[in-house]
Amino acid sequence: MRTHYFLGTCLGALLCIVNTTTSHAASLETELSNMLVEHPQLKAATKTTKGAEKQIEVQESANLPTVAFTGDYGYEWITNPTERANSDGKNDSSLMRSVAGVKVTQNLFDGFATDSAIRSATLTKEETEKGEESTRQNLLIEGITVYLEVLKQARRIEYARENEANIKTQMELEDERVRRGSGIGIDVLNAKSRLQTAKDTRVGYEGDLARAADQFMQVFGHAPDIAAMLDPNPPLNLLPTSLDEAVQLALKENPNLQKADLTSEIANENKRGIYAEYMPSVDLVGSMNFEENKNATIGVRRDYSVLVEANWDLFSGFSTEYAMKKATFDYAASKSTYDYTSRKTIEAARQAWHTLETNQERLALKENDVILKEEIFLDTRKQRENGAEGVDVLNVLDREKEVYETKIKYAELFYDHRLSIYTVLYTTGQLTPDVLGLGS
């Protein structure tokens, strides 16, 4: 019977939000879906990815020919020794000149620098995509954390208010006993003291809720509607079945680790781009020029050409050699960074898994503890009402305090346990909109 009483008070209070099924219920999925559309950090990451896509097109344009037009028109005056030596008495040239030219250049070989630049741009685009995915998952876990934190603080306040009300009722009963002559004044004072302590605890919880609401506003862009918030149901079926599986999933799917791997590939490709500087550059160049009255030459001159041009820097002051050495060190550094990121990823996955196991076990233990504390309180209160010797109001109030403290701890573990489920999904790279069932 008392177990049923506990289920009706503790578990019923924890799940009461689930029963709030109005059409405006601010479920976790709804809040997260809206956040992914509106959050500026994710917008910035998405635009960065689009910019990286365009950079590929920039590098690919090097495979196309370039067309350049040059031209000028205007007055030209020239004096030189040849003009001054003429017997006609004129020693200068004064003409209206006009010049036009078109040059088409197609690169034939550049030491594979263009190929390297295109691959680097492609890898950079993939890297920014992983960065965008990392940003998305970071925002999702941040949103889930603050959503659960608001619910947890609201539940603590609810239990604290119930405790206050019960202490106040007990204080009034003791005061009535004193007026009837069957009680003592010190019991009333003790009850008042306990009431003040309970109020202080509740005020502390309200401060915690206010701070959680501040973070909620930063993440979701609006204040939380606590009355409409629902307890989330994590996708338990998608959890790894073991610690080893969790670690393997993290090494395969975690976007931060994938991003570090792509950074290493980019650094390696950069070496190939620098090596191209050792090679010659060969271009096919076609040009057409028109000149009239240019450089003191009266009349029209036309020329056409199709040439293969080669350029080769035979010595660059060792700048290419030093650049290659730097690129080699950068690549080695990126590999070490990948190894470190891999270690941190494994650490995070293991810690998340152990936290989940711990919270799951503690939640079951705390549920039993609340039932026991409830039974002890009811027995103590009954003894007090029956006038049992040695049982005063302090015994009753202390037992009741223990009940609510344990209920509050159960509520905390209730939400911490759910957060630990989401954290395992996050560390293994599975905290995606599809997994959470979010709208597109």
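If LEU356 passes every condition in (1) surrounded by fewer than 18 Cβ atoms within 10 Å (Cβ to Cβ); (2) modelled with pLDDT of 95 or more; (3) more than 30 Å from SER264 (Cα to Cα) but one, which one does it miss?
Condition (1) is where LEU356 drops out.
Quick test of your reading of the structure: SER94 fulfils all but one of (1) in contact with a Phe, Trp or Tyr (Cβ under 9 Å, 6 or more places away or on another chain); (2) surrounded by fewer than 20 Cβ atoms within 10 Å (Cβ to Cβ); (3) in contact (Cβ under 8 Å) with a residue 24 or more places away in the chain. Name the failing condition by number.
All conditions are met except number (3).
Taking region 198-221 as the region of interest, how many residues are more than 30 Å from LEU42 (Cβ to Cβ) and either open to solvent by 70 Å² or more (accessible area, probe 1.4 Å) or not in a helix (DSSP H, G or I) (or both)?
Residues in region 198-221 being more than 30 Å from LEU42 (Cβ to Cβ) and either open to solvent by 70 Å² or more (accessible area, probe 1.4 Å) or not in a helix (DSSP H, G or I) (or both): 3 in total.
Scan region 402-427 and report the pairs whose first residue is among the acidic types (Asp, Glu) and whose second residue is open to solvent by 10 Å² or more (accessible area, probe 1.4 Å), with Cβ atoms within less than 8 Å and a gap of 6+ or a chain change.
GLU402/LYS373; GLU402/ILE376; GLU402/PHE377; GLU412/LYS152; GLU412/ARG156; ASP416/LYS152; ASP416/ASN359
Can you confirm whether ALA68 is exposed (fewer than 11 other Cβ atoms within 10 Å of the Cβ) and in contact (Cβ under 8 Å) with a residue 24 or more places away in the chain?
Taking the combined requirement at face value, the residue satisfies it.
In the set GLN59, GLN41, which member is outside any strand (DSSP E or B), open to solvent by 60 Å² or more (accessible area, probe 1.4 Å) and at pLDDT 55 or above?
Exactly one of GLN59, GLN41 is outside any strand (DSSP E or B), open to solvent by 60 Å² or more (accessible area, probe 1.4 Å) and at pLDDT 55 or above, namely GLN41.
THR145 passes all but one of (1) open to solvent by less than 30 Å² (accessible area, probe 1.4 Å); (2) part of a helix (DSSP H, G or I); which number fails?
(1)
Any residue that is in contact with a Lys or Arg (Cβ under 7 Å, 6 or more places away or on another chain), in contact (Cβ under 8 Å) with a residue 12 or more places away in the chain and part of a helix (DSSP H, G or I) - is there at least one of those in region 339-352?
Checking region 339-352: not a single residue is in contact with a Lys or Arg (Cβ under 7 Å, 6 or more places away or on another chain), in contact (Cβ under 8 Å) with a residue 12 or more places away in the chain and part of a helix (DSSP H, G or I).
For region 226-247, how many residues are surrounded by 13 or more Cβ atoms within 10 Å (Cβ to Cβ) and either touching a helix residue (DSSP H, G or I) at 6+ places or on another chain (Cβ under 9 Å) or modelled with pLDDT under 95 (or both)?
Qualifying residue count for the region: 15.
What do you reckon, is PHE329 aromatic (Phe, Trp, Tyr) and over 30 Å from LEU195 (Cα atoms)?
yes
Which residues, counting only those in region 256-273, are under 19 Å from the mean Cα position of the chain (by Cα) and either closer than 21 Å to THR355 by Cβ or open to solvent by 20 Å² or more (accessible area, probe 1.4 Å) (or both)?
ASN256, LEU257, GLN258, LYS259, ASP261, THR263 - these are the residues of region 256-273 that are under 19 Å from the mean Cα position of the chain (by Cα) and either closer than 21 Å to THR355 by Cβ or open to solvent by 20 Å² or more (accessible area, probe 1.4 Å) (or both).
In region 100-148, what count of residues is obtained for those that are in contact with a Pro (Cβ under 6 Å, 6 or more places away or on another chain) and under 18 Å from ALA52 (Cβ atoms)?
Looking only at that region, the number is 3.
Report yes if LEU394 is among the aliphatic types (A, V, I, L, M) and open to solvent by less than 20 Å² (accessible area, probe 1.4 Å), otherwise no.
no
The values are calculated or read from the model by the stated rules, or taken from the named source; none is laboratory data. Only a predicted model underlies this, so the values are computations on that prediction, with no experimental measurement involved. Virtual Cβ from ideal backbone geometry, glycine too; neighbours counted across all protein chains shown. What goes into the accessible areas is simple: the full protein's heavy atoms, side chains included, and nothing from ligands, DNA or RNA. Shrake-Rupley method; radii C 1.70, N 1.55, O 1.52, S 1.80 Å.
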